[in-house]
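Here, each number is a calculation from the coordinates, and none is a lab measurement. These numbers come from a predicted model, not from an experiment. Positions of Cβ are backbone-derived with ideal geometry, glycine not excepted, and every protein chain shown enters the neighbour counts.
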Amino acid sequence: MIDTLLSYVAPHHCCGCGKTGSLLCHDCKYNITYETKNVCLACGRPTFSQGVCNTCKAPYSQAWCVGDRKDVLQRLVGLYKFERTKSAYRDLAGLLDDILPQLPENTVIVPIPTIPAHIRERGYDHTLLLAKRLATLRGLSVARVLARSNNTMQRHATAASRSRQAKFAFKVAGEIKQNVNYLVIDDVMTTGATIRYATKALKEAGADRVWVAVLARQTLD
Ligand SMILES: [Zn+2]
Ligand SMILES: [Zn+2]
């Protein structure tokens, strides 16, 4: 409601081309999603298996990413994460919907739990909103079966400390069912530690199969 009202007062501009009307116009959306690259989500090497290479020994069996964190995608993710542009969840979930294949009916979407301080800053839980929107688009359900076991901040951390922080960051906070295909959703993948430990937590709690989908992939320079 507030979003709708605001959009009359200050209409959205496409963060790709500046056209008025939406945060991401049809053409710019197409430019982001038309080329799907088959690379390992964790290391960026080309791979034949979906998003997972042998070297990285990822605990998830398939992974998808909308694109690298640059250009239009970087701007859209930035608006969503750092500038309280809540309505971007619709465009971002739409991008995930575009790149994901047909998912099995027993797929359940699991958002990476957001650090409470970040929810307070933004005024919304950004991964939960994404997960819910994607679930609506695909006729699936969301299960918040992951929780944070600590609330460390990851921003500005080095690769090594990110990995250490993520190691004990998750616990399972709900029933893990057999014959369910868990699809873990996150915004940006940097070292891959978050996704890896979240997946491990689910598998240790008995999940048969865990897949992963993220909006953007970023390498630390
Ligand atoms: Zn555009
Ligand atoms: Zn790899």
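Can you say what percent of the DSSP beta bridges in region 38-217, counting only those with both residues inside, are antiparallel? Round to 5.
On the way: 4 of 25 bridges.
Around 15 percent of the beta bridges assigned by DSSP in region 38-217 are antiparallel ones.
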Stokes-Einstein diffusion coefficient of region 11-79, Kirkwood radius over Cα pairs, 25 °C, 0.890 mPa s, in µm²/s: 182 µm²/s
Integer Hz, Karplus 6.51/-1.76/1.60 couplings in order for region 65-78, x for Gly and Pro: 9, 5, x, 6, 7, 7, 6, 4, 4, 4, 5, 5, 5, x
Tilt relative to the chain, helix 193-204 - C-alpha long axis, 0 to 90 degrees, to 10: 50 degrees
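Can you put Trp211, Trp64 in order of Cβ neighbours within 10 angstrom, beginning with the fewest? Write down the numbers at each step before the final one.
Details: Trp211 24, Trp64 17.
Exposure proxy ranking, most exposed first: Trp64, Trp211.
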Asp208-Gln50 pseudo-label distance in nm [points 7 Å out on the Cα-to-Cβ vector]: 1.6 nm
Helical mean residue ellipticity (222 nm; -39500 (n - 2.57) per DSSP H run of 4+; nearest 500) of the chain: -11000 deg cm²/dmol
Residue with peak Gaussian network fluctuation, the chain [Cα springs, cutoff 10 Å], from Leu76, Leu137, Leu92: Leu137
For the chain, the longest site-free run once trypsin sites (Lys or Arg not before Pro) in DSSP loop states with at most 15 other Cβ atoms within 10 Å are removed: 85-143
Most mobile listed residue (Leu140, Leu103, Leu73) in the chain, GNM with C-alpha springs under 10 Å: Leu103
Candidates Gln74, Gln102, Gln50: whichever shows maximal mean-square fluctuation once the chain is modelled as a Gaussian network with Cα springs under 10 Å: Gln102
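Compute the Rg/Rh shape ratio of the chain: radius of gyration over Kirkwood radius, all on alpha-carbon atoms. Don't skip to the answer; put the middle values down first.
Working: Rg = 16.9 Å, Rh = 17.8 Å.
Rg/Rh for the chain comes to 0.95.
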Compactness of region 57-143, expressed as Rg and Dmax over alpha-carbon positions, Å: 13.4, 36
All-pairs Cα distance distribution in region 1-129, expressed in whole percent, bin size 10 Å: 11, 35, 36, 15, 3, 0
